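Novice: Have a look at this one.
Bear in mind that the values in this text are calculations on the coordinates, not laboratory data. In this text the structure is predicted, and so the values were computed from the model without any measurement. All Cβ positions, glycine included, derive from the backbone under ideal geometry; neighbour counts span all protein chains shown.
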């Protein structure tokens, strides 16, 4: 039946990875204790207060690079600790010179406007690479981040320099195992992933840069289901390849003008992980602890910073010829198949109608529960279906800011039609192939949208260099109705005293009304050992449409010991009760972890968990169901404990 459209409703946190918070568990290693190994640069490609050099080929526009900033107030070094302690020290050093360490501060902003205050750690550090963010450090890179070429910002880490600075190379190995402990029929190993990642960048001269990266991913859980499958290596030992970078960059084609063409990642926004202005690359929502990691796409990026105004102004133009969807978690299918999942009608009255069918009528007529199939309609590969984006940025004193425009599509599919059909007579046995009497076919599309955004970041010296950032985006969506065919003629409003059986419900799902998504956050470092961060979110990453936007609070802390070799971390996300229909309550995620780096460096371990918090709702039949809250639906996946081991050089 049509009733199951979990992720559809936009509640696909999926985080499976996800849950953005998911990344909460992102692995951050302590600094490399090997004296002969210099600390790697920051994975986000920032150069701290000095900005990003155009010649370095950073993925961010070559924007205003401010002059020397006052270093944030930090405690003096103590014997036995390498330099001042910062969250960057814990999570990774800035790509550029990491000599200037900063205290807690707002995440570095737009690409080239990295000149603003830099923070010691960001949700990128916590959740995995991705959003726009913090600044410099003098420590080892986050263990859970991928080793990237100097130009790729999101899950990338600049490669160490060899051969007189012309050839850079980095290798990273990761092995992880997730164990499902809750929200599953049977506890067991949920995921086993082993990755070999390599990145290389070649700079024959100051004008040319060639960057490539490849990741071989081996999944430890066999997918073989029958005897024939045992003869197929891909099913017995599932593996695939990924790439975050495969592009050519030309710098200073004309004074201040650079061009990058090929597969790459461009990250916009100042917020950590949850950036409403960041819509260029699709999201990787498949792995909970690194939720919202961006996926590279083919594009052309043109950066321009007027030579005479290089420290005050930058422009960036981007064209993406092919639409690439978000990568969804396996739990997304569970959300689609669950007849109790929320149906994303815009108005509460329509959700009440379908709710009567889900919570009352179907439990009393179990033969009408459908087997559900989903069909996604992807945009055709035409020039008119390409994505276009433009940005302009500058700074005013200690404040970095930018304005942006994006024209493209929402990268998570949205349901627009559910058709019902009967597989077998209700008086007979069910269909032998599916075991059901009814079938529902769900049609999903990727809605068009335009996004106008503003963002800023700064530091507050009078508050101990507290970091402060914010961004807001005005979304102008394509309108859609949702038509749901019912299995039989049903009076979905039995309490109105009028018999009014209907065969379908056709009502607005996405109205054309513009709406705002926004993020505001701050962070602060207390002494040498404690870092805290908090963000308010208006609209989660997958939410789309004026009637589907909720409010959330993200917060967490890191406590560091033994010269950054041991980290205790707790992060979480909570949705406001006002986000949900009456009686559904609230929900959240909590993600504690312990991260340790061996005294010899190079190897980091992480033990953590990712737990969804929600209450079950009791039905009139006496049965219970998951709440129709953001983190309560089946589409977000199971609660897990996990272990990771990372080695890199």
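Novice: Spot the failing condition for residue 268; the list is (1) touching a residue at least 60 places away in the same chain (Cβ under 8 Å); (2) assigned to a strand (DSSP E or B), and only one is missed.
Specialist: So residue 268 meets the others, but not (2).
Novice: How many of the residues making up the range 366-380 are part of a loop (DSSP other than H, G, I, E, B) and either farther than 15 Å from residue 443 by Cβ or touching a strand residue (DSSP E or B) at 6+ places or on another chain (Cβ under 7 Å) (or both)?
Specialist: Of the residues in the range 366-380, 3 are part of a loop (DSSP other than H, G, I, E, B) and either farther than 15 Å from residue 443 by Cβ or touching a strand residue (DSSP E or B) at 6+ places or on another chain (Cβ under 7 Å) (or both).
Novice: Moving on. Which residue out of 254, 249 is out of contact with any strand residue (DSSP E or B) (no Cβ under 6 Å at 6 or more places or on another chain) and under 30 Å from residue 309 (Cα atoms)? Give the steps one after another, and end with the answer.
Specialist: Working: 249 fails: out of contact with any strand residue (DSSP E or B) (no Cβ under 6 Å at 6 or more places or on another chain).
The conditions single out 254.
Novice: Based on this model, can you work out whether residue 343 counts as within 30 Å of residue 258 (Cβ to Cβ) and either in a helix (DSSP H, G or I) or in contact (Cβ under 8 Å) with a residue 40 or more places away in the chain (or both)?
Specialist: Working: within 30 Å of residue 258 (Cβ to Cβ): no; either in a helix (DSSP H, G or I) or in contact (Cβ under 8 Å) with a residue 40 or more places away in the chain (or both): yes.
Criteria not met by residue 343.
Novice: Looking only at the range 306-340, filter to residues that are part of a helix (DSSP H, G or I) and in contact with a strand residue (DSSP E or B) (Cβ under 9 Å, 6 or more places away or on another chain); which one of those is farthest from residue 416 (Cα to Cα)?
Specialist: Among those that are part of a helix (DSSP H, G or I) and in contact with a strand residue (DSSP E or B) (Cβ under 9 Å, 6 or more places away or on another chain), it is 309.
Novice: Within the range 417-426, is there a residue that is in contact with a helix residue (DSSP H, G or I) (Cβ under 9 Å, 6 or more places away or on another chain) and within 22 Å of residue 294 (Cβ to Cβ)?
Specialist: For the range 417-426, residues in contact with a helix residue (DSSP H, G or I) (Cβ under 9 Å, 6 or more places away or on another chain) and within 22 Å of residue 294 (Cβ to Cβ): absent.
Novice: Can you pull out every residue in the range 176-197 that is surrounded by fewer than 16 Cβ atoms within 10 Å (Cβ to Cβ) and in a strand (DSSP E or B)?
Specialist: Answer for the range 176-197, where residues must be surrounded by fewer than 16 Cβ atoms within 10 Å (Cβ to Cβ) and in a strand (DSSP E or B): 182, 188, 189, 192, 196.
Novice: A follow-up question, please. Filtering the range 484-511 down to residues that are touching a strand residue (DSSP E or B) at 6+ places or on another chain (Cβ under 7 Å) and part of a loop (DSSP other than H, G, I, E, B), which residue is nearest to residue 354 (Cα to Cα)?
Specialist: 492
Novice: Residue 397 fails exactly one of the following numbered conditions: (1) buried (at least 18 other Cβ atoms within 10 Å of the Cβ); (2) within 30 Å of residue 304 (Cα to Cα). What is the number of that condition?
Specialist: (1)
Novice: Restricting to the range 241-284, give me the number of residues that are under 10 Å from the mean Cα position of the chain (by Cα) and farther than 18 Å from residue 537 by Cα.
Specialist: 2
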